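Worksheet: one structure, shown below.
Derivation of every value follows stated rules applied to the coordinates shown; laboratory data play no part. Every value quoted in this text rests on a predicted model; they were computed, and no experiment measured them. Backbone-built Cβ (ideal geometry, glycine too); neighbour counts: all protein chains shown.
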Amino acid sequence: HRAWPGLIEAYRDRLPVADDWKVVTLLEGGTPLISAPYLSEVTGCEVYLKVEGLNPTGSFKDRGMTMAVTTAVNNGKRAVLCASTGNTSASAAAYATRAGITSAVLIPEGKIAMGKLAQAVMHGAKVIQVQGNFDDCLELARKVTADYPEIELVNSVNPARIEGQKTASFEIVDVLGRAPDVHALPVGNAGNITAYWKGYREYHADGVIDALPRMLGVQAAGAAPLVLGEPVANPETIATAIRIGAPASWNQAVAAKDESGGMFRAATDDKLLEAYRLLAGKVGVFVEPASAASVAGLLASREEGWIEPGSLVVCTVTGNGLKDPDTALRDLPQVEAIGVDPVAVADALGVR
Ligand code: F0G
């Protein structure tokens, strides 16, 4: 039994990393593919969750960030910048710290989950709130890095990010021995669906798998440009991670959908929260609201018949539930504290 070496070492022959590069890693990747018996039962499918919330900073972004920051420092960069709905900022801050370089993050004012902000602050990022949404932040980050080439842009428009994130597909196939029939995941800026599809295609081209999955990209109904076929000027959703109106990897996401015979669909905030509660309460996996989009998409697509019974389905759950305690605690029943008294406990449990 060997310890997991991080995804760059694990998949080095499939990544653009030079032999003499110093690798910046927090041993990301190698996340569990967990069966979801409750979901399998209600859908009649065989359902697995790729639990990306178990990465070092609690989201899939670490896969891309180990590659982006490794590439940046080996090219002599001394600072990284990103726009973020939260998770990218947490990850960029952690990997920059690990590399001993500076990080700055542009975040939409008041619209990122508390845990993510805490991470960026603790990892020492320069946190800059912007009076605008994610799309405004990304435009700003692109302009700044165009003017100051010594600062590396580490959003998913950076090709190294996609390279790192494609390894999730490799890991899934390495466990299942095949690709799933359907792969469902949340879509915001559309880097991750681009990366997964690239990973599956590479394994397919090399004969590791003989069939490709259909990609199911799920957006929040209030921020569903790919479903609508046009950008959304004022995206709104409780799932702040995917509150994005103009995905940067638009064309690549459409290609992933079309080439795979897949689909984009939207889930209302109510459906996202339903799937969020179900994952925590019935499956035992606590994810952040945006992550539940994959499962909301699975349930709706199964109901519609787009996914057939007996299908092998993988849902990526992209971020840890601990990132967004505010949304979780809305469900906390408002009851008074009891006295230090076993009888009072028995009363509260209704067993007396
Ligand atoms: N799920 C979570 C938890 C995310 O944080 C994101 C994106 C996505 C899904 C969507 O992935 O953008 O590749 O389509 N978060 C970015 C951020 C935008 O800034 O943290 P995508």
What spacing in nm lies between the two simple spin-label points modelled at Lys126 and Arg78, each 7 Å away from Cα in the Cβ direction? 1.2 nm
I want to verify a result. In a Gaussian network model of the chain, Cα cutoff 10 Å, which of these has the top mean-square fluctuation: Lys198, Lys111, Lys143? Lys143
Test of understanding: ordering His1, His183, His204, His123 by Cβ neighbours within 10 Å, fewest first, what list do you get? His1, His204, His123, His183
Give, in nm to one decimal, the length gained when the segment between Tyr38 and Asp174 is fully stretched (0.36 nm per residue of separation minus the Cα-Cα distance). 46.6 nm
Residue with peak Gaussian network fluctuation, the chain [Cα springs, cutoff 10 Å], from Gln252, Gln334, Gln131: Gln334
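Return the calculated 222 nm mean residue ellipticity for the chain, to the nearest 500 deg cm²/dmol, obtained by summing -39500 (n - 2.57) across DSSP H runs with n ≥ 4 and dividing by the residue count. Walk me through the numbers on the way to the answer.
Numbers: 15 runs with 143 residues, N = 352.
Value at 222 nm, helices only, nearest 500: -11500 deg cm²/dmol.
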Zone of Glu202's modelled label, taken as backbone nitrogen in region 61-77 under 12 Å from a point 7 Å along Cα→Cβ: 64, 67
If we count every other residue with Cβ under 10 angstrom of Lys111's Cβ, Lys/Arg +1 and Asp/Glu -1, where does the sum land? -1
Run the dipole for the chain about the Cα centre, Lys and Arg Cβ at +1, Asp and Glu Cβ at -1, nothing else charged, and hand back the magnitude in debye, nearest 20. 620 debye
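Could you check what % of the DSSP bridge pairs in the chain are antiparallel, to the nearest 5? Can you show the working numbers first?
Values: 6 of 38 bridges.
The answer is about 15 percent antiparallel.
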Selection from Ala300, Cys315, Ala290, by position along the positive dipole direction of region 263-352 (Cβ): Cys315
Inter-label distance, nm, simple model (7 Å from Cα along the C-beta direction), Ala211/Glu9: 3.6 nm
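Kindly put Val69, Val42 in sequence by how many other C-beta atoms sit within 10 Å of each C-beta, fewest to most. Could the numbers behind the result be given before it?
Numbers: Val69 30, Val42 15.
The most exposed by this proxy come first: Val42, Val69.
Nothing charged except the Cβ atoms of Lys and Arg (+1) and of Asp and Glu (-1): what's the magnitude of the dipole of region 2-130 about its Cα centre? Round to the nearest 20 debye. Write down the numbers at each step before the final one.
On the way: 13 positive and 10 negative charges, 93 e Å.
Using only the charged Cβ atoms, the result is roughly 440 debye.
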Which entries of Lys126/Lys282; Lys116/Lys166; Lys282/Lys323; Lys126/Lys323 show an alpha-carbon separation above 27 angstrom in the structure shown? Lys126/Lys282
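Subtract the Cα-Cα distance of Tyr148 and Asp136 from 0.36 nm times their separation in residues, and report this length gain in nm to one decimal.
Working: separation 12, 0.36 × 12 = 4.32 nm, distance 1.84 nm.
Length difference between fully extended and current span is 2.5 nm.
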Going fewest to most other Cβ atoms within 10 Å around each Cβ, Met67, Met215 line up as Met215, Met67
